[in-house]
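> Take a look at this one; I'll ask things after.
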Amino acid sequence: GQSLEQPSEVTAVEGAIVQINCTYQTSGFYGLSWYQQHDGGAPTFLSYNALDGLEETGRFSSFLSRSDSYGYLLLQELQMKDSASYFCAVRGIGNYQLIWGAGTKLIIKP
Amino acid sequence: NAGVMQNPRHLVRRRGQEARLRCSPMKGHSHVYWYRQLPEEGLKFMVYLQKENIIDESGMPKERFSAEFPKEGPSILRIQQVVRGDSAAYFCASSPPASGSGETQYFGPGTRLLVL
């Protein structure tokens with residue numbers, strides 16, 4: 001089977017840096033995706049790691065290490081608007097569906 | 001350049017009624033996915049469709065739930081004889097044919113179903 005573990009909640013201060021971890025158990029997958037979802041809103045795609053290493057997109061970066069079954073999303077220069085839930089997701093080899101973690105609620109304090 | 005559209009945004013049904021949720025994918029997208037989300041939880045895959053074909057319905061309950069994506073018109077998720085446990089947010093996502101893998105999916109605003 002496949003499962004992804006994320007912390008349920010993370011708190012950080014405006015302007016700081018925060019890392020949201022995702023550990024997974026899967027027999028094989030194409031890559032690790034990250035999505036952001038504001039309360040009452042739809043998930044929006046943030047980043048995708050097909051290969052090990054760091055992918056940077058502006059203030060957001062995502063990292064994958066297949067040997068460690070681990071990835072993370074890094075948010076820099078936090079802004080209040082970054083308060084949201086963040087989900088990691090994978091698609092297993094031979095599958096069509098994305099398997100989602102339960103999400104990490106990011107709380108940002110001024 | 002409209003994104004993924006879903007309607008209705010909110011739907012209230014009484015137990016035993018039918019719910020029909022519609023999804024129009026982004027222009028040029030031929031892959032549609034339906035997900036269900038309960039409060040404080042992640043999304044649960046239900047079904048993956050291409051035009052006129054159900055590709056993977058492994059996440060959809062065998063009874064009362066059905067989905068279609070006709071040649072013309074939106075994709076429809078249909079829930080017959082709704083029960084209170086069906087209350088959730090239902091999201092539709094689409095991806096272009098070239099992506100194949102569906103790694104990047106574009107989500108609609110969701111339909112919030114409340115069963116009384």
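> Mind jotting down the three principal axis lengths of chain B based on Cα atoms? Whole angstrom, largest first.
41, 25, 24
> Also, I was wondering about something else. Give the cross-link partners of B:Lys51 among the lysines, using a straight C-alpha distance below 22 Å as the criterion and excluding same-chain residues fewer than 8 apart.
Of all the lysines, those that pass the test against B:Lys51 - Cα under 22 Å, at least 8 places apart if same chain - are B:Lys27, B:Lys62, B:Lys71.
> Another question, then. For the range A:1-107, which GluC sites (Glu not before Pro) are in a loop by DSSP, counting at most 16 other Cβ atoms within 10 Å?
Those satisfying the criteria are A:Glu14, A:Glu77.
> Share of the range A:8-55's accessible area from carbon and sulfur, percent, 1.4 Å?
Whole-percent figure for carbon plus sulfur exposure: 50.
> For the range B:1-101, which whole percent of the accessible surface, found with a 1.4 angstrom probe, sits on carbon and sulfur atoms?
Within the range B:1-101, the accessible surface is 47 percent carbon and sulfur.
> Taking a 1.4 Å probe, which of B:Met60, B:Met5, B:Met26 shows the most accessible area, and what order do the others take after it?
B:Met5, B:Met26, B:Met60
> To continue, here is another question. When N counts the residues of the protein assembly as shown, how does its alpha-carbon radius of gyration compare numerically with 2.2 N^0.38 Å, as a ratio?
Normalised Cα radius of gyration, the protein assembly as shown: 1.02.
> List the trypsin sites (Lys or Arg not before Pro) within the range B:67-100 that DSSP assigns to loop and that have no more than 12 neighbouring Cβ atoms inside 10 Å.
Qualifying residues, ordered by number: B:Lys71.
> While we're here: Going Cα to Cα from A:Lys105, which lysines come in below 29 Å? Please leave out same-chain ones fewer than 8 positions away.
A:Lys81, B:Lys44
> Let me ask another. By accessible area of protein heavy atoms, probe 1.4 Å, what ranking do B:Thr111, A:Thr23 get, highest first?
Result of the area sort, largest leading: A:Thr23, B:Thr111.
> Something else: Rounded to the nearest 0.05, what FRET efficiency is calculated for A:Glu77 and B:Glu18 with R0 set to 35 Å and r the Cβ-Cβ distance?
With a Förster radius of 35 Å, E is 0.15.
> Taking H placed 1.01 Å from N in the peptide plane, check which residues at least 5 places from A:Gly31 or on another chain put their amide H under 5 Å from its amide H.
Distant-sequence amide H within range of A:Gly31: A:Arg91.
> While we're here: Averaged per residue, what accessible surface does chain A expose to a 1.4 Å probe, in Å²?
It amounts to 47 Å² per residue over chain A.
> Could you tell me what % of all Cα pairs in the range B:27-67 have separations over 15 Å?
So the pairs more than 15 Å apart make up 46 percent of the total in the range B:27-67.
> At a temperature of 4 °C and a viscosity of 1.567 mPa s, determine how fast the range A:8-84 diffuses translationally according to Stokes-Einstein, using the Kirkwood radius over alpha-carbon pairs as Rh; express D in µm²/s, rounded to the nearest whole number.
98 µm²/s
> Please give the solvent-accessible surface of A:Lys105 in Å², to the nearest 10, using a probe radius of 1.4 Å with every protein chain present.
Counting only protein heavy atoms, the figure is 80 Å².
The values are calculated or read from the model by the stated rules, or taken from the named source; none is laboratory data. All values reported here derive from a predicted model rather than from experimental measurement. Cβ atoms come from the backbone with ideal geometry, glycine included; neighbour counts cover every protein chain shown. For accessibility, only protein heavy atoms count, side chains too; no ligands or nucleic acids. Shrake-Rupley method; radii C 1.70, N 1.55, O 1.52, S 1.80 Å.
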